[in-house]
C-alpha cells in the first residue's frame, strides 16, 4: 500500500514549480493585465481567451467553463492524474525527492500508474536509441541515410531501433524493475504464448511525445520484406496514448509555433524531420489518424486565435488535398479561415521534395501555400471546362455551395467575387454573388428551423434554477451596483488582504447579498480573516469552502483582476461602498417598519426604530464625508 506524501513536501513542490511555467507547456500565454496571463482554455473549446493564470497567486481560472485551481489541480485535470501522480510529476521536474509517511523516499512501488508508465516509456526510448548503433540496426541506419538523415538528425528526434528478437525490450525493462503488467498496460509488450513479447521487433522506432515532452508511445516503420506487419505500427490506445489527442513533433515545434503564429501539418514522421532540418521548425504530424477536432484544439491552444495565425497542410496529391480541404468546412470555420493548403509538385511529400530539390524547395512549398477556401473553390471549378457557357454554369453550381457555406459574410462575399473572376463573369459578376447569397440563405433557414425547435425543448434543462445548484436567494447580477461592489471587495480581500484588513474582518455575511459571495465571506472568516493572511492564506480559504461551487468562486475571485490600477486607493472606496449599500438596505427596512407601526400603541418600539434610523443616517453621512476613516 503506497504511503501518503508528506504535507511539507507537497507544499515544497507547489512553491518550487511556478504555475505559469507549467501551463505554458500546454498553451500559449499572453499578458492579460494586472499581472495575469491569458490563453485559450485547455478544458473546453473556445475561440477567444477566457483562461487566466495568476503567477503571483499560483492559481488559474477559466471565466468560460469555470475550471480553476492551483498548479497541481491543473496537471491533475488536464492529464487525468491522481493527486499523488501530479505531485510526483512536478517533483520530478523540479528535482525534489519526495518523502512518504511510512518513511520511504519515492520508491518505485509507491508511484502512481501513470508515473510508472511514463518512466517505462522513457527507459524504452533510451533502449531503442542505444540499439540504433548495433550491427543489426545497419538496415535502419541505411533507411535513414537514404532519406537524408544522419546520426545527428536521428539523435535530435530520438529515433531508435527495435531488435528483431521476441523479448529484448521486455527483458531489459524487467531488469529496470518494471512489471509485465506495466509493459502490457503501456503497450510496450503484447501477450505471447509464453508471456509478454516485444510489440516492436526489427523496426525503426520514433518516440511519440506529448506537448510537455514526455514519451507516451512509439511509431515503428518496417524495414524487412519478411515483416508481415503493417508499414507503420503505432502504440495501441493506452492510459497514456490516445492517437486522436497526439501530434508528433509538437514538443519540438510548440515554441516556434507560438512565436511565429504558424503551424505546418505534414503526413508522417520523416516529413516532420525533413521540414525541421530544412528550417520549417513548426512542422507536426498526426499519428496514424486523420487531422480532426481534437487536433484543432491542441493547435489552437498553442497558437491562440489571431488574424496573423496560419495553419498549413501539406498533401502529396490533389485528391487527398481536396478531401481534406472540404472536410474543414464541416469543422470550426474560424480555424479553417486561417488554414492554407500546400500541394507538393509531382506528388512528392516534404521528405522526397527535400531529397530531390533541397531545403529551399521545402521552405518554398510552405511559403507559397494557398488559402483553404480558395483551394476548395479552385478544386471544384477545375473539374469543368469554363471556356464554354455550359461549363461555366456547371462550375458555378459546383463551387457556389462551397462559398455559401462560409459563415463570415465579409469573407463569403470576397470569395463570391473571386469565383466570378474564375468563371469569366467579368461584367456580370453579380451572377455568382447572387447565387452564393441565395444558397447561403437557404442553408441558414434549413439549419435554423430544427435548431429553433431544439432550443425551445431544451431551454429549461440548460438553465436550471439557482436553488437546484445548491444556492438560495437572488441570483448574481453584476449590473446591480450592490453585487458589483461586493464582488470587488471579495477580490481585494483575496488578492490584497493587507489593503482591506482589519476593517474587512468586521463585515458580516449579511453585507454580501449574493449567496455565493456570502459563502466566500464565511470561508475567509473560517480561514482566519484577512488580518491573519500569510503565504498559505488562499489555500486555507479554499479548504474552508463548504462545496466545490464555493471553492470555484474563490479561485475565480482570486484570479480576476480588480477594476483599478491603484488597488491601495481603490480598496478604501470599495470598503465604503459595500458598507453604504448595507446602510441603505437597513434604512429601507426601518422606514418600512416605521410606516407599518403608524399610530402603534407600542411607543418604545416606535422610538427605537426612529432612533436607529437617525443613527444610520448620521453614519451614512460620515461614510460619504470621511470615507474609510468613518468605518
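The values are calculated or read from the model by the stated rules, or taken from the named source; none is laboratory data. Predicted, not measured: the structure shown is a model, and the values here were computed from it. Counting neighbours? That spans all protein chains shown, and the Cβs are built from the backbone with ideal geometry, glycine included.
For segment 239-308, please list each of the helices (runs of 4 or more DSSP H) lying entirely inside it that holds at least 1 residues being outside the structural domain of residue 39 (by TED's automatic domain parsing) and more than 23 Å from residue 39 (Cα to Cα). Reasoning before the result, please.
On the way: elements: 250-260, 269-277, 293-303.
Output list reads 269-277.
Taking the criterion of being assigned to a loop (DSSP other than H, G, I, E, B) and either under 19 Å from residue 115 (Cβ atoms) or touching a residue at least 40 places away in the same chain (Cβ under 8 Å) (or both), the residues of segment 220-236 that qualify are 223, 224, 235, 236.
Residue-wise test of (1) under 22 Å from residue 536 (Cα atoms); (2) touching a strand residue (DSSP E or B) at 6+ places or on another chain (Cβ under 9 Å); (3) surrounded by 19 or more Cβ atoms within 10 Å (Cβ to Cβ).
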residue	(1), (2), (3)
45	no, no, no
55	yes, yes, no
62	no, yes, yes
65	no, yes, no
96	yes, no, no
99	yes, yes, no
119	no, no, yes
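The residues in segment 44-66 that are within 23 Å of residue 535 (Cα to Cα), under 13 Å from the mean Cα position of the chain (by Cα) and not in a strand (DSSP E or B) can be counted, and the count is 0.
Could you look through segment 497-519, keep only residues that are touching a helix residue (DSSP H, G or I) at 6+ places or on another chain (Cβ under 6 Å) and over 20 Å from residue 573 (Cβ atoms), and pick out the one that is surrounded by the fewest Cβ atoms within 10 Å (Cβ to Cβ)?
Of the residues in segment 497-519, the ones touching a helix residue (DSSP H, G or I) at 6+ places or on another chain (Cβ under 6 Å) are 497, 499-505, 509, 511-514, 516-519.
Keeping just the survivors that are over 20 Å from residue 573 (Cβ atoms) gives 509, 516, 518-519.
Details: 509: 13, 516: 26, 518: 20, 519: 22.
In this case the residue turns out to be 509.
Taking the options 58, 69, 95, 34, name whichever one is outside the structural domain of residue 541 (by TED's automatic domain parsing), farther than 26 Å from residue 249 by Cα and at pLDDT below 90. Walk me through it before giving the result.
On the way: 58 fails: at pLDDT below 90; 69 fails: at pLDDT below 90; 95 fails: farther than 26 Å from residue 249 by Cα.
Just one listed residue meets the conditions, 34.
Filtering segment 379-396 to residues that are in contact with a helix residue (DSSP H, G or I) (Cβ under 8 Å, 6 or more places away or on another chain) and assigned to a helix (DSSP H, G or I) leaves 379, 380, 381, 392, 395, 396.
Just to check your reading of the model, which residue among 165, 177 is at positive phi and either assigned to a helix (DSSP H, G or I) or out of contact with any strand residue (DSSP E or B) (no Cβ under 7 Å at 6 or more places or on another chain) (or both)?
From the options 165, 177, the qualifying one is 177.
Checking each residue in segment 127-155 for being without any contact (Cβ under 8 Å) to a residue 24 or more places away in the chain and surrounded by fewer than 17 Cβ atoms within 10 Å (Cβ to Cβ) picks out 133, 135, 138, 142, 145, 146, 150, 151, 152.
To keep it simple, each residue is scored yes or no on (1) more than 24 Å from residue 212 (Cα to Cα); (2) modelled with pLDDT under 85; (3) within 18 Å of the chain's Cα centre (by Cα).
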| residue | (1), (2), (3) |
| --- | --- |
| 273 | no, no, no |
| 283 | no, no, no |
| 302 | no, no, yes |
| 311 | no, no, yes |
| 322 | yes, yes, no |
| 325 | yes, yes, no |
| 330 | yes, yes, no |
